[in-house]
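Structure first, then comments.
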Number of protein chains: 2
Amino acid sequence: MSSSILCAGSIALDTTRTPFKTAERVLGGAGTYFSVSASHFASVSLLGIVGSDFPSAHWKLLQERGIDLEGVQRSSGKTMFFDSEFSYDFYARKVHATELNVYEHFAPSVPPSLQKTGYLYLGTLEPSKQLHILESCQPRFVLMDTIELYIQKHKKELEKVVSKVDGIVLNDIEARMLCKKPSLFQCARHIQALGAELVVIKKGEHGSILFFEDFVFPLPAFPLETVVDPTGAGDAFAGGFFGHLARSKNMGEKTLKQALAYGNVMGAFCIEDFSVGKLVSLSPEDIQSRFERYQKILQI
Amino acid sequence: MSSSILCAGSIALDTTRTPFKTAERVLGGAGTYFSVSASHFASVSLLGIVGSDFPSAHWKLLQERGIDLEGVQRSSGKTMFFDSEFSYDFYARKVHATELNVYEHFAPSVPPSLQKTGYLYLGTLEPSKQLHILESCQPRFVLMDTIELYIQKHKKELEKVVSKVDGIVLNDIEARMLCKKPSLFQCARHIQALGAELVVIKKGEHGSILFFEDFVFPLPAFPLETVVDPTGAGDAFAGGFFGHLARSKNMGEKTLKQALAYGNVMGAFCIEDFSVGKLVSLSPEDIQSRFERYQKILQI
């Protein structure tokens, strides 16, 4: 079975405002962040849609990271656009505009060459679209993500997707919203009962916690003094996590722990620059060196 | 220099209500939780005050843990009393009553035999009282705690105490309130500039993070499925942390990391029962075995 990853998710143009700098119409989108991050670990194909305004430089950047774009549709409309602003604390984000544009009517279609992908990542898409993609493929392992909007609007369909996947990555707010339980342990057990045996909960600056069968593994975030732009950190995390699982081709306890650590490492790299600026600049040695530093920090 | 600890802090009677059980007038107080926890690591003397209603069984329990009570005044009034309630989520606590009683007019006086203590822990007391105790002793190392009330009401005096101690333990809310900065890294640098070179920030279910000189060390909480009563967890944490520092008699990186881990281990034990029920029942093997499990979990 191939260790290649198929990632379905959004590709966007982001305007991100921080008190220190504004980045205008830079490459963004959860699918983008995931793919660029995962491409350091495994071969990645992206399934998504862009408009006619999508800069060729962005297309080229993704290709140069070795990301297969056969599954990316080019439409005549406008690319998804997201405009947001962080205040000095980098915690709360004020959203100025979310224009789904061509992403709203995206009808995902998996090219035959990608239907035999080993690892499928169902990024933030409406649950019905996630299900359609899932049913088009015969993957070895499926990991999904979701967002508050789909939990609120499409809960029943979302739970159906959860029942059919192997794992889910979501943040603590989403977990509590989906499960209506305050304890993350109880949320994880609830999701496992729905059908996903691997549950990874992202906690931003507090790191992440992984549940698999009876196994519970918490990790703090990789300690970083300086944040440039937190956009995409959760998706870069998921890319590192799933990328390491795919390249390791097993689900042993050691692999899961290391995957979570690589996820935190990639999330930390992500926030050190706007867009995927830092993520595309990384060498294998940069990633390995930070992973080993993290290992050393946690050795008590 | 002696590795004994002198802990100044509150001794109280707690009524704690949870959806599952109510514990009435059980042994509580930050000084109590700290001392019982630290007594597993070093010899501890407690400096505090109780009223004439303080049950002799509680006094005996502290003595049986080997805690020296020479510095505990017995007054004719009522012991400090705290009545609080947790809802199903165990996050928010509703306070029904905080009666300081004899603690309000507590005039701490360090008996001559305790003035040469090696390790001094200044628990939650008004800054002027912390300062008075500090000036009565010649300790090798001083760690302090504080609460929101003193940050709001006695900030100048509190900052003076911070300038005279070696380290401080406080929670994330207190750190942000004291420093008026959202980033915990920035808070730590701010506190270090005030004078405390060791800064430990407690984050409840998210663990803790330690700053010492240029060294940053984050740890997740020890993973626990079931919570009985979160009261005292932060004080039990501080007891395990300081207890290990005292018994190790050094401030090396390895010692600091292990101290933080012992702190998290003791905090996790604490919340498994009401009052100090679990903490007094522990054997050295229980503590060591959980510490080693924690070490193994974090080995990636």
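The values are calculated or read from the model by the stated rules, or taken from the named source; none is laboratory data. Just so it is clear, the model here is predicted, and its values are computed rather than measured. Positions of Cβ are generated from backbone atoms using ideal geometry, with glycine treated the same way; all protein chains shown enter the neighbour counts.
Here is how the numbers come out for the structure above:
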| read-out | value |
| --- | --- |
| Selection status of A:F86, touching a residue at least 24 places away in the same chain (Cβ under 8 Å), crowded, with 18+ Cβ neighbours inside 10 Å, among the hydrophobic types (A, V, I, L, M, F, W, C) and within 14 Å of chain B (Cβ to nearest Cβ) | yes |
| Residue tally, condition buried (at least 20 other Cβ atoms within 10 Å of the Cβ) and of a type outside the set (D, E), over the stretch B:229-256 | 16 |
| Residues of the stretch A:34-89 satisfying the condition of being acidic (D, E) and over 25 Å from A:T18 (Cβ atoms) | A:E64, A:D68, A:E70 |
| Options A:L256, A:L260, A:L298; residue that is of a type outside the set (F, W, Y) and closer than 18 Å to B:V216 by Cα | A:L298 |
| Selected residue [farther than 22 Å from B:I201 by Cβ, in contact with a Ser or Thr (Cβ under 9 Å, 6 or more places away or on another chain) and of a type outside the set (F, W, Y)] from B:E272, B:E285, B:E292 | B:E272 |
| Subset of the stretch B:274-298 that is in contact with a strand residue (DSSP E or B) (Cβ under 9 Å, 6 or more places away or on another chain) and more than 14 Å from chain A (Cβ to nearest Cβ) - its residue that is surrounded by the fewest Cβ atoms within 10 Å (Cβ to Cβ) | B:G277 |
| Options B:A30, B:A92; residue that is out of contact with any strand residue (DSSP E or B) (no Cβ under 7 Å at 6 or more places or on another chain), on the phi < 0 side of the Ramachandran plot, of a type in the set (A, V, I, L, M, F, W, C) and within 14 Å of chain A (Cβ to nearest Cβ) | B:A92 |
| Positions within the stretch A:113-133 being charged (D, E, K, R) and either part of a helix (DSSP H, G or I) or modelled with pLDDT under 95 (or both), in sequence order | A:K116, A:K129 |
| Top-ranked residue in the stretch B:3-24 [being in a loop (DSSP other than H, G, I, E, B) and touching a Phe, Trp or Tyr at 6+ places or on another chain (Cβ under 8 Å); ranked as surrounded by the most Cβ atoms within 10 Å (Cβ to Cβ)] | B:I11 |
| Residue identified as among the aliphatic types (A, V, I, L, M), surrounded by fewer than 23 Cβ atoms within 10 Å (Cβ to Cβ), more than 14 Å from chain A (Cβ to nearest Cβ) and within 24 Å of B:A236 (Cα to Cα) among B:L170, B:L134 | B:L134 |
| A:F20 vs. criteria at pLDDT 95 or above and among the aromatic types (F, W, Y) | no |
| Criterion (free of Cβ contacts under 8 Å to residues at least 60 places away in the same chain and within 23 Å of A:L125 (Cβ to Cβ)) met by exactly one of A:S76, A:S45 | A:S76 |
| Test: residue in the stretch B:98-110 that is out of contact with any strand residue (DSSP E or B) (no Cβ under 9 Å at 6 or more places or on another chain) and closer than 30 Å to B:P19 by Cα | no |
| Residue in the stretch B:214-225 that is in contact (Cβ under 8 Å) with a residue 12 or more places away in the chain, closer than 18 Å to B:L184 by Cα, of a type in the set (F, W, Y) and within 14 Å of another protein chain (Cβ to nearest Cβ) present | yes |
| Residue tally, condition within 10 Å of another protein chain (Cβ to nearest Cβ) and closer than 12 Å to B:L260 by Cα, over the stretch B:186-209 | 3 |
| Count of the stretch A:182-203 residues which are of a type in the set (G, A, S), surrounded by fewer than 18 Cβ atoms within 10 Å (Cβ to Cβ) and in contact (Cβ under 8 Å) with a residue 24 or more places away in the chain | 1 |
